[in-house]
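As structure tokens, the structure follows; a few thoughts come after it.
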Amino acid sequence: MALAFRNTGLAYGLGIFWGVVLIGYVIRRWIDKLRLLLVPRLSVILTLVIVCITIFALIGNKLDLREFMAVGLLPFVILTMTIERFFVIIEEAGIREGLWMAAGSAGVAVITYKILSI
């Protein structure tokens, strides 16, 4: 994630990260009712992540924001697994713990980004 933030910028990267994770959580919650196995469920979430990233890139192109157009470099699989884990933690331990985990992941990416910037 930290390497992706180098291309999008820290503020845009974090915004996109949180946007995709929250949209993914909502869709994952809806998918849960279908009772899919792990691989089909992850396939749906991965497709959703790719669609979100594509939409952000199109918005960036329309608004002439280079940072939004660089979202294609965000790691799709990492976002997919973050969404899946975020959902599981919220279901098992509650929203507070899920948000804490996601904030921790974002925090580690920010610290790594700062170290890479040096």
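Computed quantities for the displayed model
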quantity: All positions within region 40-54 that are surrounded by fewer than 19 Cβ atoms within 10 Å (Cβ to Cβ), of a type in the set (V, I, T) and closer than 14 Å to R28 by Cα; calculated: V44, T47
quantity: Residues of region 1-26 satisfying the condition of being within 13 Å of the chain's Cα centre (by Cα) and free of Cβ contacts under 8 Å to residues at least 24 places away in the same chain; calculated: G15, L22, V26
quantity: Condition check for R41: assigned to a helix (DSSP H, G or I), more than 21 Å from S105 (Cα to Cα) and of a type in the set (D, E, K, R); calculated: yes
quantity: Search result, residues across region 59-113 that are over 19 Å from I27 (Cα atoms), modelled with pLDDT under 85 and among the aromatic types (F, W, Y); calculated: F68
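The values are calculated or read from the model by the stated rules, or taken from the named source; none is laboratory data. This structure is a prediction, so every number in the text was calculated from the model and none was measured. So basically every Cβ, Gly included, is an ideal-geometry build from the backbone, and we count neighbours across all protein chains shown.
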